[in-house]
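Structure first, commentary second.
The values are calculated or read from the model by the stated rules, or taken from the named source; none is laboratory data. Everything numeric here is computed off the predicted structure, so don't read it as measured data. No Cβ is skipped: glycine too gets one built from the backbone with ideal geometry, and neighbour counts run over all protein chains shown.
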Amino acid sequence: MEPIMSDYQNQESLNGKIEDVEKVSLEDRSSGRRPRLASFTLIELMIVVAVIGLIAGIVLAAAGGVQKKAARDQTTAEIKTLCTALERYRADNGSYPSTSGQASRTAVYSSLTNYMAFQTNRISGSGTSAQYLDPYGQPYWYQSPSTRTTGSLMSGGQDSFDVWSVGADGKKDTKDDLRSWE
């Protein structure tokens, strides 16, 4: 059990503590120093800011990699969708839209408007010059008949058409291109 202190003893104890604080304050004032308060030093704050910056950098780098993979996956899925729309076009018209063996950036959109839904915010231009853009902001390319010697993704091995994206770098025939035949 704790001994019960009288109000007088409590008051004396409290007065003693106040006097101690006043002594320290008077000593600090007389020496020209400010009393030291519990706080962080500049070095400690700089270390915390540096650690937060490092963590933010790691998170942003990881997020960038995820966004690149998402764009690549979306482009691959859209190429497959374009190939399916081209097969539907052939079923209705007896052949694929011809580009006379030349690669075209406009044939994808102009030929397939009745065979698939396009995201309107990714259509560049209008009329016969309209292009459907991939997630990288580059137009999809289409060529028919194909000039490759290997089979197409959707045509059962016949070299009939090619659909591809030039990828993030925007340059044709580089390692980041995404193709219907690969």
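Residue by residue, here is whether (1) in a loop (DSSP other than H, G, I, E, B); (2) free of Cβ contacts under 8 Å to residues at least 40 places away in the same chain; (3) under 20 Å from R179 (Cα atoms) holds:
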{"site": "V48", "(1), (2), (3)": "no, yes, no"}
{"site": "I52", "(1), (2), (3)": "no, yes, no"}
{"site": "A61", "(1), (2), (3)": "no, yes, no"}
{"site": "V66", "(1), (2), (3)": "no, yes, no"}
{"site": "T76", "(1), (2), (3)": "no, no, yes"}
{"site": "Y96", "(1), (2), (3)": "yes, no, yes"}
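Look at (1) over 13 Å from S180 (Cβ atoms); (2) modelled with pLDDT under 90; (3) out of contact with any helix residue (DSSP H, G or I) (no Cβ under 9 Å at 6 or more places or on another chain) and you find that R90 fails only one, number (2).
Can you pull out the residues in region 106-118 that are surrounded by 14 or more Cβ atoms within 10 Å (Cβ to Cβ), over 26 Å from the mean Cα position of the chain (by Cα) and not β-branched (V, I, T)? Give the derivation first.
To start, the set of residues in region 106-118 that are surrounded by 14 or more Cβ atoms within 10 Å (Cβ to Cβ) comprises 106-113, 115-116, 118.
When the remaining residues are screened for being over 26 Å from the mean Cα position of the chain (by Cα), the result is 106-113, 115-116.
Of everything in region 106-118, those that are surrounded by 14 or more Cβ atoms within 10 Å (Cβ to Cβ), over 26 Å from the mean Cα position of the chain (by Cα) and not β-branched (V, I, T) turn out to be A107, Y109, S110, S111, L112, Y115, M116.
Just one of A61, A50, A56, A70 is out of contact with any helix residue (DSSP H, G or I) (no Cβ under 8 Å at 6 or more places or on another chain), surrounded by 11 or more Cβ atoms within 10 Å (Cβ to Cβ) and not basic (K, R); which is it? I'd like the intermediate steps shown before the answer.
On the way: A61 fails: surrounded by 11 or more Cβ atoms within 10 Å (Cβ to Cβ); A50 fails: surrounded by 11 or more Cβ atoms within 10 Å (Cβ to Cβ); A56 fails: surrounded by 11 or more Cβ atoms within 10 Å (Cβ to Cβ).
Criteria check complete, one pass: A70.
Among the residues of region 134-147, those identified as at pLDDT 90 or above, part of a loop (DSSP other than H, G, I, E, B) and hydroxyl-bearing (S, T, Y) are Y136, Y140.
Would it be correct to say that T150 is of a type in the set (S, T, Y), within 19 Å of K172 (Cβ to Cβ), at pLDDT 90 or above and not in a strand (DSSP E or B)? Taking the combined requirement at face value, the residue does not satisfy it.
If you scan region 119-134, which residues turn out to be buried (at least 18 other Cβ atoms within 10 Å of the Cβ) and of a type outside the set (D, E)? Full working, then the answer.
Just the residues of region 119-134 that are buried (at least 18 other Cβ atoms within 10 Å of the Cβ), to begin with: 131-134.
Those that are buried (at least 18 other Cβ atoms within 10 Å of the Cβ) and of a type outside the set (D, E): Q131, Y132, L133.
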